[in-house]
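The values are calculated or read from the model by the stated rules, or taken from the named source; none is laboratory data. Computed from a predicted model, the values in this text were never measured in an experiment. Heads up, the Cβs are rebuilt from the backbone with ideal geometry, glycines too, and the neighbour counts pull from every protein chain shown.
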Amino acid sequence: MIRSVLGRIDPAQLGVTLLHAHSTSDPDALTTELDAFRLAGGNTVIEARPASNHERLAEEPRVNIVRFPQGLTYLLPDEPCQAFLEMDRLQAKGTDLRNLAVHSADDRLANLEALCSIAVRGAWLAIEARIPAWQRSLKRLIEVGWAGQLLVGTRQCGTLDDSINAIRTAGFSHDLVDDLLVRNPRRYLAADPR
């Protein structure tokens with residue numbers, strides 16, 4: 001079972017799931033964003049940053065909101081060197097990097113070499129699918145075999161629906177779209193030891 005802000009849910013009920021690090025605490029802006037997400041086919045948001053109004057937001061637009069679970073780690077680096085240093089620090093503390101999601105909207109981290117260096121260590125890559133530089137990196141990561149470690153995420157308010165649409169219109173097979181939006185997030189959350 002996965003813990004949402006409204007209680008436990010079966011992993012099969014997660015549906016289309018995105019990683020989200022919201023940049024606003026304005027409840028009206030978040031409600032609008034979650035409504036647009038739901039209308040685009042979204043079901044669940046893994047919220048990396050805590051907010052006090054998640055319970056109300058989950059009820060109104062009827063989406064699952066999962067706070068970032070204990071046992072899983074979220075890393076939001078500004079550039080590749082910071083990502084590698086933080087991964088080294090976490091690994092030295094005993095963190096299993098297979099339970100780590102590395103997420104950045106900064107184009108400096110959108111290069112294939114840096115991303116593959118993160119993925120080869122076992123970490124998940126949270127990709128900003130709506131940004132052109134990241135779309136190119138996403139396609140290359142899939143081509144070189146990292147599709148099973150990719151999550152779709154966004155750091156900007158108002159972009160959850162754009163992220164879903166970017167994946168659906170990228171020319172990927174239906175099965176790959178389901179991997180990126182449904183199965184991979186479910187597998188990532190299943191690593192939660194609770």
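What to note about this one:
- As for the range 146-163, it holds no residue that is without any contact (Cβ under 8 Å) to a residue 24 or more places away in the chain and over 22 Å from L72 (Cα atoms).
- Within the range 62-76, residues that are at pLDDT below 85 sit with their Cβ atoms under 8 Å from residues that are among the aromatic types (F, W, Y) and not in a loop (DSSP other than H, G, I, E, B), at 6+ positions apart or across chains, in these pairs: F68/Y74.
- Residue among L34, L19 that is within 16 Å of the chain's Cα centre (by Cα), part of a helix (DSSP H, G or I) and of a type outside the set (D, E): L34
- Within the range 76-92, the set of residues being more than 17 Å from V120 (Cα to Cα) and either in contact with a helix residue (DSSP H, G or I) (Cβ under 6 Å, 6 or more places away or on another chain) or among the β-branched types (V, I, T) (or both) comprises P77, E79.
- Subset of the range 112-129 [more than 13 Å from the chain's Cα centre (by Cα) and in contact (Cβ under 8 Å) with a residue 24 or more places away in the chain]: L112, A114, L115, C116, S117, I118, A119, R121, G122
- Filter pass, D161 being within 26 Å of E33 (Cβ to Cβ), surrounded by 15 or more Cβ atoms within 10 Å (Cβ to Cβ) and at pLDDT 95 or above: no
- Residue pairs meeting the criteria (Cβ under 7 Å; at least 6 apart or on separate chains; first closer than 11 Å to T159 by Cα and acidic (D, E), in the range 27-43; second crowded, with 23+ Cβ neighbours inside 10 Å and modelled with pLDDT under 85): E33/L160
- Residue match in the range 104-111 (condition: touching a residue at least 60 places away in the same chain (Cβ under 8 Å) and either closer than 25 Å to A36 by Cβ or among the charged types (D, E, K, R) (or both)): no
- Yes/no for D88 being free of Cβ contacts under 8 Å to residues at least 24 places away in the same chain and closer than 19 Å to V45 by Cα: no
- The residues of the range 116-146 that are buried (at least 19 other Cβ atoms within 10 Å of the Cβ) and farther than 17 Å from N184 by Cβ, listed by number, are R130, I131.
- Of residues in the range 85-111 being modelled with pLDDT of 85 or more and of a type in the set (K, R), the one farthest from the chain's Cα centre (by Cα): K93
- When residues of the range 147-158 are limited to those that are surrounded by fewer than 21 Cβ atoms within 10 Å (Cβ to Cβ) and modelled with pLDDT under 85, the one nearest to D179 (Cα to Cα): R155
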